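**Q** Just passing along the structure, written as structure tokens.
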Amino acid sequence: MLEGKRIVLGVTGGIAAYKACELTRLFKKAGAEVRVVMTENAAKFVAPLTFETLSGNQVNTDSFERAWEIGHIALAKWAELMVIAPATANVMAKISAGVCDDLLTTTVMAMPCPVLIAPAMNCVMWRSAANQANVETLRRRGFFFSGPETGSLACGDADVGRMAEPAEIAACAEDVLNPKRDFEGLTVLVTAGPTREMIDPVRFLSNRSTGRMGYAIAEAAERRGAKVVLVSGPVALPVPAGVQLVPVVSTQDMFKAVTENAKTADVVIQAAAPADFTPESVSSQKIKKTGADMAVRLVPTPDIAKTLGENKRPGQILVAFAAETENALENARGKRTRKNADLIVVNDVTRPGAGFAGDTNIVSILSENEETEYPVMSKRAVAGVILDNVQRVLVCRSRRS
């Protein structure tokens, strides 16, 4: 899908710069033509000669290098896509503010084509208010993002901030250059994240869901042309560009928001992990620790997926999720029938690479007549697989009608 594509790869000064070498190789292997722009600090991590050898083109580093063409303008006219990997907090701040003080930032400013950013930095830097504001600004302006992922960082922490793997960035580049628009004209309702059931003003019951799977689905559906409504419990994730967010806290809140928005949705994807139980009563004051045993009586919460299945409109598609710890497929089959779901996405959260808080997942997707198990893949890739399965159901129904 990258055959003959013209890609400018921007490399900034971070320890992850060595991964950009593999990314260059993957682009070339896929048939793309690559020209590399490096910052002065990037050249301290990886020699420009390395990228010249891998790309087969001279590396651009100096805005004032004597040439017949103006460097950043020539690159901007030539490129079909610019990828910045790794992208440091510093360079994202410059791009957000419109600062052009080197060849890379001036090239970005002149780019009429899409720009894909792969951030890499310490977890504290990634979460900082200034950096998150810059990321949100860039998303609103139409920049694409790949990562960051959670994993081992150069500082020794194991947290968010790790640059996405080169294969993941290359796959994202393919999506940007060859976007599917097969959901145009459709409204997709996605739920994501956990819910919180209050015990008293400071305590609540919840679960380990981070919302990453649901947010990946919402972002993918929007890229494929859908109008996306995202009903989300409390998470620490940026809202995907172009997606309408409906924030909720409790399962009752989610039930109300989902049933209301489902009235106009063509596809409902129930990726959230709402609580199954809630305290029968909520204390108006903080419950004090007295040393005595305390019991909290729980009562069931509304079954959102079941209600959606019972009230499905003709032609509406419902996708449910099942996070299991044993007998995953057997339990998912029963749940698909009980919820009247068209598809159910099941994963065994005890398997390495699957479950909550990670960047990858391992799922099986069950329909009425088919069960397909997929290998471990990024949640972004899983989102694409889920939407592909939804699209197949849509096509089959249109043929029958």
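The values are calculated or read from the model by the stated rules, or taken from the named source; none is laboratory data. Source: prediction; values computed, not measured. Counting neighbours? That spans all protein chains shown, and the Cβs are built from the backbone with ideal geometry, glycine included. Keep in mind that these areas ignore ligands, DNA and RNA; they rest on the heavy atoms of the full protein, side chains included. Shrake-Rupley method; radii C 1.70, N 1.55, O 1.52, S 1.80 Å.
**Q** State whether the residues of the range 347-361 include one that is of a type in the set (Asp, Glu), modelled with pLDDT of 90 or more and open to solvent by less than 40 Å² (accessible area, probe 1.4 Å). Show your work before the answer.
**A** Filtering the range 347-361 down to residues of a type in the set (Asp, Glu) leaves 348, 359.
Keeping just the survivors that are modelled with pLDDT of 90 or more gives none.
So far as the range 347-361 goes, no, none of its residues is of a type in the set (Asp, Glu), modelled with pLDDT of 90 or more and open to solvent by less than 40 Å² (accessible area, probe 1.4 Å).
**Q** Within the range 382-401, take every residue that is of a type in the set (S, T, N, Q) and closer than 18 Å to Lys180 by Cβ and give me the one that is most open to solvent (accessible area, probe 1.4 Å).
**A** Going through the range 382-401, the residues of a type in the set (S, T, N, Q) turn out to be 389, 391, 398, 401.
Imposing the further condition that a residue be closer than 18 Å to Lys180 by Cβ reduces the set to 389, 391, 398.
On the way: Asn389: 20, Gln391: 38, Ser398: 73 Å².
Residue satisfying both the conditions and the ranking: Ser398.
**Q** Right, another one. Among the residues of the range 198-214, how many are open to solvent by 10 Å² or more (accessible area, probe 1.4 Å), touching a strand residue (DSSP E or B) at 6+ places or on another chain (Cβ under 6 Å) and not in a loop (DSSP other than H, G, I, E, B)?
**A** Initially, the range 198-214 is screened for residues open to solvent by 10 Å² or more (accessible area, probe 1.4 Å), giving 198-199, 201-210, 212-213.
Next, only the ones that are touching a strand residue (DSSP E or B) at 6+ places or on another chain (Cβ under 6 Å) stay: 198-199, 204-207, 209.
Next cut, not in a loop (DSSP other than H, G, I, E, B) only: 198-199, 204-205.
So the count comes out to 4.
**Q** Considering only the range 306-322, state which residues are open to solvent by 60 Å² or more (accessible area, probe 1.4 Å) and either within 17 Å of Val363 (Cα to Cα) or in a loop (DSSP other than H, G, I, E, B) (or both). Write out each step before concluding.
**A** The first filter runs over the range 306-322 and keeps only residues open to solvent by 60 Å² or more (accessible area, probe 1.4 Å), leaving 306, 310-311, 313-314.
Residues satisfying the conditions are Asn311, Arg313, Pro314.
Rundown of residues vs (1) touching a residue at least 60 places away in the same chain (Cβ under 8 Å); (2) under 25 Å from Glu219 (Cα atoms); (3) among the hydroxyl-bearing types (Ser, Thr, Tyr), yes/no style:
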site	(1), (2), (3)
Ile95	no, yes, no
Pro112	no, yes, no
Val124	no, yes, no
Ser128	no, yes, yes
Glu149	yes, yes, no
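Quick grid of which residues meet (1) assigned to a loop (DSSP other than H, G, I, E, B); (2) of a type outside the set (S, T, N, Q); (3) farther than 16 Å from Cys172 by Cα:
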position	(1), (2), (3)
Leu2	yes, yes, no
Ile7	no, yes, no
Ala20	no, yes, no
Arg25	no, yes, no
Val36	no, yes, yes
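**Q** How many residues are among the polar types (S, T, N, Q), outside any strand (DSSP E or B) and under 20 Å from Arg208 (Cα atoms) when one looks only at the range 355-382? Talk me through it step by step, then tell me what you get.
**A** From the range 355-382, those among the polar types (S, T, N, Q) are 360-361, 364, 367, 369, 372, 378; that's our starting set.
Filter again for outside any strand (DSSP E or B), leaving 367, 369.
Now drop any that are not under 20 Å from Arg208 (Cα atoms), which leaves none.
The total comes to 0.
**Q** Quick test for you: out of Phe204, Phe183, pick the one residue that is within 22 Å of Ser283 (Cβ to Cβ) and among the aromatic types (Phe, Trp, Tyr).
**A** Values: Phe183 fails: within 22 Å of Ser283 (Cβ to Cβ).
Being within 22 Å of Ser283 (Cβ to Cβ) and among the aromatic types (Phe, Trp, Tyr) holds for just one of Phe204, Phe183, which is Phe204.
**Q** Turning to a different aspect of this structure: If I filter the range 12-54 down to residues being β-branched (Val, Ile, Thr) and more than 28 Å from the chain's Cα centre (by Cα), which single residue comes out as nearest to Ala85 (Cα to Cα)? Steps first, please.
**A** Filtering the range 12-54 down to residues β-branched (Val, Ile, Thr) leaves 12, 15, 24, 34, 36-37, 39, 46, 50, 53.
Next, from what is left, pick out any that are more than 28 Å from the chain's Cα centre (by Cα): 46, 50, 53.
On the way: Val46: 13, Thr50: 15, Thr53: 18 Å.
Step by step, filter the range 12-54, then rank; the result is Val46.
**Q** Take the range 366-381 and flag every residue that is open to solvent by 60 Å² or more (accessible area, probe 1.4 Å) and within 15 Å of Val345 (Cβ to Cβ). Walk me through how you get there before you give the answer.
**A** First, the residues of the range 366-381 that are open to solvent by 60 Å² or more (accessible area, probe 1.4 Å): 368-371, 373, 375-376, 380.
Across the range 366-381, the qualifying residues are Glu368, Glu370, Glu371, Glu373, Pro375, Val376, Arg380.
**Q** Taking the range 238-268 as the region of interest, how many residues are assigned to a helix (DSSP H, G or I) and open to solvent by less than 20 Å² (accessible area, probe 1.4 Å)? Before you say what the answer is, go through the steps one by one.
**A** The first filter runs over the range 238-268 and keeps only residues assigned to a helix (DSSP H, G or I), leaving 251-264.
Retained after the next criterion (residues that are open to solvent by less than 20 Å² (accessible area, probe 1.4 Å)): 251, 254, 257-258, 262.
Within the range 238-268, residues that are assigned to a helix (DSSP H, G or I) and open to solvent by less than 20 Å² (accessible area, probe 1.4 Å) number 5.
The rows are residues; the columns are (1) modelled with pLDDT of 90 or more; (2) open to solvent by 30 Å² or more (accessible area, probe 1.4 Å); (3) under 22 Å from Gly142 (Cα atoms); (4) among the aromatic types (Phe, Trp, Tyr).
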site	(1), (2), (3), (4)
Gly4	no, yes, no, no
Thr24	yes, no, no, no
Lys29	yes, yes, no, no
Ala42	yes, no, no, no
Leu49	yes, yes, no, no
Ala76	no, no, yes, no
Ala87	yes, no, yes, no
Gly98	yes, yes, yes, no
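**Q** Ok, one more. Kindly provide the set of residues from the range 288-305 that are out of contact with any helix residue (DSSP H, G or I) (no Cβ under 9 Å at 6 or more places or on another chain) and open to solvent by less than 50 Å² (accessible area, probe 1.4 Å), ordered by number.
**A** Restricting attention to the range 288-305, the residues satisfying the condition of being out of contact with any helix residue (DSSP H, G or I) (no Cβ under 9 Å at 6 or more places or on another chain) are 288-300.
Residue satisfying the conditions is Val299 alone.
**Q** Still on this structure, please answer the following. When you scan the range 274-291, do you find a residue that is within 30 Å of Val382 (Cβ to Cβ), assigned to a loop (DSSP other than H, G, I, E, B) and among the small types (Gly, Ala, Ser), even just one?
**A** Within the range 274-291, the first condition is being within 30 Å of Val382 (Cβ to Cβ), and the residues that meet it are 274-278.
Of the ones still in play, those that are also assigned to a loop (DSSP other than H, G, I, E, B) are 274-276.
From the residues that got through so far, the ones that are among the small types (Gly, Ala, Ser) too are 275.
For the range 274-291, residues within 30 Å of Val382 (Cβ to Cβ), assigned to a loop (DSSP other than H, G, I, E, B) and among the small types (Gly, Ala, Ser): present.
**Q** Can you find even one residue in the range 272-283 that is surrounded by fewer than 20 Cβ atoms within 10 Å (Cβ to Cβ), farther than 15 Å from Leu205 by Cβ and of a type outside the set (Val, Ile, Thr)?
**A** Checking the range 272-283: not a single residue is surrounded by fewer than 20 Cβ atoms within 10 Å (Cβ to Cβ), farther than 15 Å from Leu205 by Cβ and of a type outside the set (Val, Ile, Thr).
**Q** Of the numbered conditions (1) open to solvent by 40 Å² or more (accessible area, probe 1.4 Å); (2) in a helix (DSSP H, G or I), Ala171 fails exactly one; give the number of that condition.
**A** It is condition (1) that Ala171 fails.
**Q** Still on this structure, please answer the following. Spot the failing condition for Lys180; the list is (1) of a type outside the set (Ser, Thr, Tyr); (2) closer than 30 Å to Ile84 by Cα; (3) in a loop (DSSP other than H, G, I, E, B); (4) at pLDDT 90 or above, and only one is missed.
**A** Result: Lys180 fails condition (4) only.
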